[in-house]
Amino acid sequence: MMQDLVVEPGRIITVLRRRVEELTYENAVLSAAVDQQREEINALRGPTVQVIVPGRPAKFALRLVAYAPNGPRLGVLPQHNGFELGDPLNDVPGLKVSYPTAGLNAGVLAGHCEIAVEYAVDGGPWAEPPNARFLRIKRGGDEIDRTGARSYDCPGWAWMLRKVVLYPNNALVDGKRPFNAVSPGAILATFIQEGQARGALPGLSFDFSAAHDSAGEPWSKTLTLAVEPGKDLLAVLINLGEQGVIDWRMQGRSLQVFNPDTVLGADRASGPAPIDLRFGRDVTEAPDTGTLEDAASAILIGGEAGLSVEATNPAAVAPWGRWETYQSQGGVKDSGTALLLAQNALERIGRERVQITRGLMFDAARWLPFAHYEPGDYLLAPGDSAVMQSLRLRQITLSIDKDGSIGGNVVLNDRFLEREIRLARQAQGILDGGVSSGGSGGDPAPETNNRTPAAPEGLIVDPVAYLDENGFARGQVTATWGEVAADVAGVALDIDGYELFARVNQAGALWMQIAVTDETTAAFSPLVVGTEYAFKVRATSAGVKGSSPSRS
């Protein structure tokens, strides 16, 4: 027989609740016992050792390192609140840093020091790239800021080159120091060597010479210049860079100067493995800025003795029709030279100038700044219409926040200077003279007494081809030489003017006088394109002709 068992549901719940309470109590007792045993074991073992498993190193990392002025390394500045650096081509870089007053090595920043930015790739060794040494010369802060953060605006080490100026000597001509047919290296070395002899810039070094650039290559250009005493080295350096005579940069405290478009103009956009910055991998964000402010389709050149020459550019961008501009060219006396200058100017102002900015990515990037490219290089990058093309890198800008996150961008094609900077540089003035053109006139000197003028030094002849009004190729030359201010014995002499001669560079060919001028530069056109000519110049004084150095 089977007997039915009847159990009330409430009684079952009560029994289960009691059993759960019993198990909970037993578990607590066991846990306490286990904890006690663990503490006894740890006491027998000694201090606890914490093992940290290293993670994956950052693909691209930046850090700050402090140096004494002109001195040794002081240490890393690891506790910054972020910093930003800008590295332009042929210009002074800049660094902005925020650092807490309680941060490690903050006392170093409170005094005078240098700050280097270093980079590392994939956990590799740290390296200081070019143009990455800065001067802690400007600071700011808020005394009621509880965080104690201080800001530092630091120009690149090249800024210090403005602190050495050219002094006068006993060879002044018209109050200026002549540099006749010399290399850029000779001019820059003169500034540095004379300044350091006076005690200026003792920490500066340079690795170029009067004969070779910093890459060991012979200088590609010679110059005849007249420089005013008081002109500073940085102004000359930037000026020569803007004229396309040199490219330059700083490596630490060392000034490096190169022939233009060589070391700092490497073509990395072509070949079997080009440096290609691509959307979604290397770059993001693609703002472009274009301007027609300087554009013109017609230009009027004003020269000497009422000379006026007009040139037009039918291919110029002209959405509102003809735009005109004017350019005064003192010393230009022939229409061929004026037309050449007009055509060169229209090439620069006949298009829209476009500054192309590309934001950088780092985690997935194939190519990284400093490690694979630097300002001056030609890179394959998305252009104004997002089409891959060869573009010159004008500036690298990098930033890092206090958490170590890195951002930045590159500026390609054109680089726009702020109006204030541009006007300030114009106020400094372009050097008297220039590449294969230049020199200056002088005030009358004492009576001649039939003495023979010395031969002009530094004769340079710069040939250029141009198209005449009928579309035919013609040749034009601009000759430059150093001013004569003495006779063959070195005694001061009153010079009336100069005579420039030319002939076809063949034995027995006749010399022809092509210019008479009271200046140290003269131009002549037209000449036959493809023909080699020889030139010579001499000074005259009260009818007495001087000797004539020649140049082919």
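Take residue 387 and decide whether it is modelled with pLDDT under 90, open to solvent by 20 Å² or more (accessible area, probe 1.4 Å) and not acidic (Asp, Glu).
Yes; evaluated as a whole, the condition is true for this residue.
Out of (1) charged (D, E, K, R); (2) part of a loop (DSSP other than H, G, I, E, B); (3) over 30 Å from residue 467 (Cβ atoms), what's the single condition that is false for residue 261?
(3)
Being closer than 20 Å to residue 174 by Cβ and not polar (S, T, N, Q) is the filter; apply it to region 207-234 and report the residue that is most open to solvent (accessible area, probe 1.4 Å).
Selected residue: 228.
Taking region 226-267 only, how many residues are modelled with pLDDT of 95 or more and basic (Lys, Arg)?
2
Name every residue in region 151-162 that is open to solvent by 50 Å² or more (accessible area, probe 1.4 Å) and farther than 20 Å from residue 228 by Cβ, in order of residue number.
Correct list: 151, 153, 159.
Look through region 489-514, keep the residues that are small (Gly, Ala, Ser) and assigned to a loop (DSSP other than H, G, I, E, B), and return whichever of them is most open to solvent (accessible area, probe 1.4 Å).
Just the residues of region 489-514 that are small (Gly, Ala, Ser), to begin with: 489-490, 492, 497, 502, 507-509.
Remaining after also requiring assigned to a loop (DSSP other than H, G, I, E, B): 489-490, 507-509.
Details: 489: 81, 490: 59, 507: 107, 508: 72, 509: 28 Å².
Checked region 489-514; the qualifying residue most open to solvent (accessible area, probe 1.4 Å) is 507.
Filter region 163-179 down to residues that are open to solvent by less than 40 Å² (accessible area, probe 1.4 Å) and assigned to a strand (DSSP E or B), then give me how many there are. Show your work before the answer.
Start the filter on region 163-179 by keeping residues that are open to solvent by less than 40 Å² (accessible area, probe 1.4 Å), which leaves 164, 166, 173, 176-177, 179.
Within this subset, residues satisfying the condition of being assigned to a strand (DSSP E or B) are 173, 176-177, 179.
The total comes to 4.
Search region 308-326 for residues that are within 19 Å of residue 353 (Cα to Cα) and pair each with any residue that is part of a loop (DSSP other than H, G, I, E, B) and not small (Gly, Ala, Ser) when their beta-carbon atoms are under 6 Å apart and the residues are at least 6 apart or on different chains.
317/351; 317/352
Has region 98-120 got at least one residue that is of a type in the set (Gly, Ala, Ser), assigned to a strand (DSSP E or B), within 20 Å of the chain's Cα centre (by Cα) and at pLDDT 90 or above? Spell out how you get there, then give the answer.
Residues of region 98-120 that are of a type in the set (Gly, Ala, Ser), as a first pass: 98, 102-103, 106-107, 110-111, 116, 120.
Filter again for assigned to a strand (DSSP E or B), leaving 98, 116, 120.
If we keep only those that are within 20 Å of the chain's Cα centre (by Cα) too, we end up with 116.
Now restrict to residues that are at pLDDT 90 or above: 116.
Yes, region 98-120 has at least one match.
Conditions tested, residue by residue: (1) in contact (Cβ under 8 Å) with a residue 12 or more places away in the chain; (2) in a helix (DSSP H, G or I); (3) acidic (Asp, Glu); (4) over 15 Å from residue 162 (Cβ atoms).
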position: 181; (1), (2), (3), (4): yes, no, no, yes
position: 186; (1), (2), (3), (4): yes, yes, no, yes
position: 191; (1), (2), (3), (4): yes, yes, no, no
position: 201; (1), (2), (3), (4): yes, no, no, no
position: 208; (1), (2), (3), (4): yes, no, no, yes
position: 220; (1), (2), (3), (4): yes, no, no, yes
position: 238; (1), (2), (3), (4): yes, yes, no, no
position: 241; (1), (2), (3), (4): yes, yes, no, no
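Take residue 365 and tell me if it is touching a Lys or Arg at 6+ places or on another chain (Cβ under 7 Å), of a type outside the set (Phe, Trp, Tyr) and farther than 21 Å from residue 417 by Cβ.
Yes.
For region 65-103, what are the residues that are over 30 Å from residue 262 (Cβ atoms), in contact (Cβ under 8 Å) with a residue 40 or more places away in the chain and buried (at least 21 other Cβ atoms within 10 Å of the Cβ)?
80, 83, 97, 99
Go through 315, 381, 305 for me and flag whichever is open to solvent by 60 Å² or more (accessible area, probe 1.4 Å) and either in a strand (DSSP E or B) or at pLDDT below 85 (or both).
None of the others qualify; the one that does is 305.
The values are calculated or read from the model by the stated rules, or taken from the named source; none is laboratory data. Predicted model, so just to flag it, every value in this text is computed and none were measured. Don't worry about glycine lacking a Cβ; one is built from the backbone with ideal geometry, like all the others, and counts go over all protein chains shown. Please note that ligands, DNA and RNA were not included when accessible areas were found on the heavy atoms of the full protein model with its side chains. Shrake-Rupley method; radii C 1.70, N 1.55, O 1.52, S 1.80 Å.
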